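Written out below as structure tokens is the structure these notes cover.
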Amino acid sequence: MYKNPVKSVTVAEAIAKMEHYCAYQERCHKDIESKLKTMMLIPEAKEKIILHLLEHNFLNEERFAKSFARGKFTIKKWGKQRIVRELKFRDISAYNIKTALKEIPEKDYFETFHALSEKKYHSITEQNNSKKRKKLVDYLLYRGWETHLVYEKMNELFG
């Protein structure tokens, strides 16, 4: 006989799981909703859980956005445009995105950009200058660095 593999969870169990899920790492509403979707709960239970997480400060969109921006900039060396794009994808409000970007010090931002672009420039083995230029531009734009910064750096590096 076929048994349904979905195990039902009580609201209390779901709350405990979600508290642990949020305590492990900052989460946004979208993360929480997709996780709750896998638990097969009724909409009222989902709302109750989200409300509980908000009231007990397990879920905080502003804190998530700040942490996300700091982490992606520091660890992955993303530019502001990529960070904004990813936060918008997670349905973070414009206010919280703006607040999150303030977490990145201007001085560090430019230092990181210049260090990253020079490191990449020296690591590209392409001999053809126009292909080398394209590879560098594509790399930096994909990482979310502003177009004007990228092209100013191109002119500096390629003369």
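A short reminder: the numbers here are calculations on the coordinates, not readings from a lab. Nothing here was measured: the structure is a model prediction, and the numbers come from that model. Positions of Cβ are generated from backbone atoms using ideal geometry, with glycine treated the same way; all protein chains shown enter the neighbour counts.
Figures for the structure shown
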quantity: Computed over region 106-158: relative contact order in percent, which uses C-alpha pairs under 8 Å that are six or more apart; calculated: 31
quantity: Mean ellipticity per residue at 222 nm, deg cm²/dmol - from DSSP H runs of n ≥ 4 across the chain, formula -39500 (n - 2.57); calculated: -22000 deg cm²/dmol
quantity: Mean Kyte hydropathy of -1.0 or more with a Cα span along the axis of at least 15 Å, helices from DSSP in the chain; calculated: 11-24, 43-55, 61-74, 147-158
quantity: Compactness of region 11-55 - radius of gyration and Dmax, Cα, Å; calculated: 9.3, 25
quantity: Above-threshold pairs, the threshold being 30 Å between Cα atoms, out of 17/77; 80/131; 102/131; 66/153; calculated: 17/77; 102/131
quantity: Estimated D of the chain in µm² per second, where Rh is the Kirkwood radius over Cα pairs and Stokes-Einstein applies at 25 °C, 0.890 mPa s; calculated: 133
quantity: Gaussian network model of the chain, springs between alpha carbon atoms under 10 Å - residue of 36, 140, 51 with greatest fluctuation; calculated: 51
quantity: Ranking of 125, 112 by count of other Cβ atoms within 10 Å, fewest first; calculated: 125, 112
quantity: The chain - percent relative contact order, Cα under 8 Å, separation 6 or more; calculated: 21
quantity: Distance in nm between pseudo-label sites at residue 35 and residue 67 (7 Å out along the Cβ direction from Cα); calculated: 1.0
quantity: Global form of region 1-76, assessed from the alpha-carbon gyration tensor, a/c cut-off 1.5; calculated: prolate
quantity: Within the chain: Cβ-based charge dipole about Cα centre, in debye rounded to nearest 20 (Lys, Arg +1; Asp, Glu -1); calculated: 620
quantity: Computed E for residue 120/residue 93 - FRET, C-beta separation, R0 25 angstrom, nearest 0.05; calculated: 0.15
quantity: Positive-end extreme of charge dipole, the chain - chosen from 113, 74, 25 (charges on Cβ); calculated: 113
quantity: For region 56-100: span of alpha carbons on each principal axis (Å, largest first); calculated: 32, 19, 16
quantity: Computed E for residue 148/residue 13 - FRET, C-beta separation, R0 35 angstrom, nearest 0.05; calculated: 0.10
